[in-house]
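Everything on this sheet refers to the single structure shown next.
The values are calculated or read from the model by the stated rules, or taken from the named source; none is laboratory data. These numbers come from a predicted model, not from an experiment. Heads up, the Cβs are rebuilt from the backbone with ideal geometry, glycines too, and the neighbour counts pull from every protein chain shown. Each accessible area value is taken on the protein alone, full model and side chains, heavy atoms only, with ligands, DNA and RNA left out. Shrake-Rupley method; radii C 1.70, N 1.55, O 1.52, S 1.80 Å.
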Amino acid sequence: MSTWVIRGLVMAVLHGVALTLLAKYAVYHPTEQTLAVSLTLAVLVGAAALWAALDAWRGVPDGGRAWFIAALVAGVVSGILYVIGRAVFVDQTGVSELGGALTGGAAFSALLVLVPAGLGLFVGGRISRPRPVEEDEPRETPSPRPRRPRRLQEPRG
């Protein structure tokens, strides 16, 4: 399976669930949403950034293209999942909400994947990988010729 498919679908499900939970929270706490929205955005941004950084650190080929396509997929699919989740679990939202979810909502979700993933790819590519220590190799190679002793010079005076 292609790398962008897995990343796009996982991020779409994560965004769809997060937006549905925020909508459910807003029903019961309409005036106290600041902390919940901030924490949700931090988790979504952190997930994309960390995953992309790990991809770059591991050397996954063509990471930029994979994350770009994954962001587009995540935006559209998360919009659809949000409307379905809101219709089932929150307030019986109809198909009329699908237009807004597939335009503004999808664009916002796509940016919430693309921007942190780009930052993660940049940072992850700069982190050096630890070299494994090979036990079979000698740690110090002996020199082929012996060293000459140093001559001591007496102080002139």
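Details
- Residue count, region 79-117 (criterion: open to solvent by less than 40 Å² (accessible area, probe 1.4 Å) and either out of contact with any Phe, Trp or Tyr (no Cβ under 6 Å at 6 or more places or on another chain) or outside any helix (DSSP H, G or I) (or both)): 14
- Only one of 57, 51, 67 that is in contact with a Lys or Arg (Cβ under 9 Å, 6 or more places away or on another chain), farther than 18 Å from residue 109 by Cβ and part of a helix (DSSP H, G or I): 57
- When the residues of region 23-78 are filtered to those that are touching a Ser or Thr at 6+ places or on another chain (Cβ under 9 Å) and of a type in the set (Gly, Ala, Ser), the one that is surrounded by the fewest Cβ atoms within 10 Å (Cβ to Cβ) is 23.
- Tabulated pairs, region 39-57, first free of Cβ contacts under 8 Å to residues at least 24 places away in the same chain, second open to solvent by less than 30 Å² (accessible area, probe 1.4 Å) and assigned to a helix (DSSP H, G or I), C-beta under 7 angstrom, 6+ apart or interchain: 40/18
- Residue 13 vs. criteria touching a Pro at 6+ places or on another chain (Cβ under 8 Å), closer than 25 Å to residue 124 by Cβ, open to solvent by 30 Å² or more (accessible area, probe 1.4 Å) and modelled with pLDDT of 95 or more: no
- Residue within region 96-110 that is within 15 Å of the chain's Cα centre (by Cα) and small (Gly, Ala, Ser) present: yes
- Some residue of region 126-149 being open to solvent by less than 70 Å² (accessible area, probe 1.4 Å) and at pLDDT 80 or above: no
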